[in-house]
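Encoded as structure tokens, the structure appears first; notes follow it.
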Amino acid sequence: MAQEYEVIIIGGGPAGLSAGIFVARQKVACLLISKDLGGQLNLIPKLENYPGTIMSSGPLLAKTLENQFLMFGGEMIYDTVERVDEIEGGLKVKTSRSEYITKAIVAAPGKVPNNLGVENEQTFVNKGVHYCTKCDAPFYQGRTTAVVGVGGYLLESGILLSRMASKIYLIYKGGALGGDKDMIAAIEKKENIELVPQSSIKALSGVNNLQSITLVDNSGKEKSILVDGLFIEMGSKINLDFIKHLVKINSKNEIETTVEGKTTHPAIFAAGDATSIPYKQIVAACSGGATAGLSAFNYVEKLKGKPGIRADWKKTIGDTVFHY
Ligand SMILES: Cc1cc2nc3c(=O)[nH]c(=O)nc-3n(C[C@H](O)[C@H](O)[C@H](O)COP(=O)(O)OP(=O)(O)OC[C@H]3O[C@@H](n4cnc5c(N)ncnc54)[C@H](O)[C@@H]3O)c2cc1C
């Protein structure tokens, strides 16, 4: 028989773990199902911008969040959610190994950055190769970098790096930059950006850390350039196949959510990088997870005829403002 929980959380990244902390702390039967612990946190050896931590790392933050979740009585299993379906009185969660029944779900499946697909790429991850310019550009103050990418990601990455790095090679396959005209104009004015059109990256090399990249142009001519860092901005994959038949998905393949983490399905809440929030960062994922977790808690409390937790700290009735 399928095990039953009041709330099931899908995803063990910062959004899912934060949702878990806020749900489990309310003494609600809560299960977190994830393929791994930490999600994208595992790609962050040096974490500088999570408030309240100095010299931390992604895996350390993941472990701390997991301990906090388990401390409040949450349960966690490593498995892949394959499908969520409506059943009478709730939802059925089918994983690759089992089935569960729940009243509410918090979906936090995050995303995975696309690789360039060049030999040696994995060897240099976080040793010169990076997939998040807004996260890692500050490590390259005064250093030489290259960016390869698609559309707006490439332009945004070049502009961000131009404020920190001494030199940026902007590598793209086409003959002209595509995308937002103002961003292209801004890039063309930057003295530290060198455009490298009609080119792609053929190889990465270095001893311990990335030191040079080999470029090949459309005519097949190769050249090597020395760089300290390479930013790969090829977009990300979000896989919502398990839930997309139940909630509204926007044109960017993200789950549409309200500020309270609600989706278009009354029993499904969502948080983190897989949702329509701006600025996909850890602090935003944790905040969204906490909010979606509390909204899920309120939903199951209301099913029991209980008031739940107030979402707002003040309420206006007529001319009187009540503070809570
Ligand atoms: C290279 C890199 C560096 C970064 N550096 C920083 C930084 O310095 N500072 C910062 O604030 N942000 C940084 N970020 C962004 C940050 O990591 C993300 O915003 C954050 O991890 C999003 O959290 P999330 O929980 O929404 O998703 P994720 O971290 O992607 O976690 C999603 C989780 O869901 C699981 N999952 C997915 N689908 C299923 C399924 N079907 N069944 C079960 N489990 C599933 C995954 O296995 C994973 O555990 C960086 C991102 C990258 C890629």
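The values are calculated or read from the model by the stated rules, or taken from the named source; none is laboratory data. All values reported here derive from a predicted model rather than from experimental measurement. Note: ideal-geometry Cβ built from the backbone for every residue, glycine included; neighbour counts use all protein chains shown. Just the protein is used for accessible areas: all its heavy atoms, side chains included, with ligands, DNA and RNA removed. Shrake-Rupley method; radii C 1.70, N 1.55, O 1.52, S 1.80 Å.
Hey, does the stretch 103-126 have a residue that's more than 13 Å from the ligand (Cβ to nearest atom), within 23 Å of Leu294 (Cα to Cα) and in the same structural domain as Phe242 (by TED's automatic domain parsing)?
yes
Count, please, the residues in the stretch 238-255 that happen to be over 17 Å from Glu82 (Cβ atoms), within 15 Å of the ligand (Cβ to nearest atom) and not hydrophobic (A, V, I, L, M, F, W, C).
Selection size over the stretch 238-255: 3.
How many residues does the stretch 38-76 contain that are of a type in the set (A, V, I, L, M) and near the ligand (Cβ under 7 Å from one of its atoms)? Steps first, please.
Of all residues in the stretch 38-76, those of a type in the set (A, V, I, L, M) come to 41, 43-44, 47, 54-55, 60-62, 65, 70-71, 76.
Narrowing further to those that are near the ligand (Cβ under 7 Å from one of its atoms): 41, 43-44, 47.
Number satisfying all stated conditions: 4.
Considering the stretch 16-37 alone, what residues qualify as being open to solvent by 40 Å² or more (accessible area, probe 1.4 Å) and near the ligand (Cβ under 10 Å from one of its atoms)?
Taking the stretch 16-37 first, the residues open to solvent by 40 Å² or more (accessible area, probe 1.4 Å) are 22, 25-27, 29, 35-36.
Listed by number, the residues that qualify are Lys35, Asp36.
In the stretch 155-172, what count of residues is obtained for those that are out of contact with any Lys or Arg (no Cβ under 7 Å at 6 or more places or on another chain) and in contact (Cβ under 8 Å) with a residue 40 or more places away in the chain? Spell out the reasoning first.
Keep residues of the stretch 155-172 that are out of contact with any Lys or Arg (no Cβ under 7 Å at 6 or more places or on another chain), which gives 155-159, 161, 163-164, 167-172.
Restricting the remaining residues to those that are in contact (Cβ under 8 Å) with a residue 40 or more places away in the chain gives 156-157, 161, 169, 171.
Result for the stretch 155-172: 5.
Run down Ile282, Ile268 and say which single residue is closer than 14 Å to Lys111 by Cβ and at pLDDT 95 or above.
Only one candidate passes the filter, namely Ile282.
So Lys248 clears everything in (1) under 18 Å from Tyr299 (Cβ atoms); (2) surrounded by 15 or more Cβ atoms within 10 Å (Cβ to Cβ); (3) not hydroxyl-bearing (Ser, Thr, Tyr) except one condition, right? Which one?
(2)
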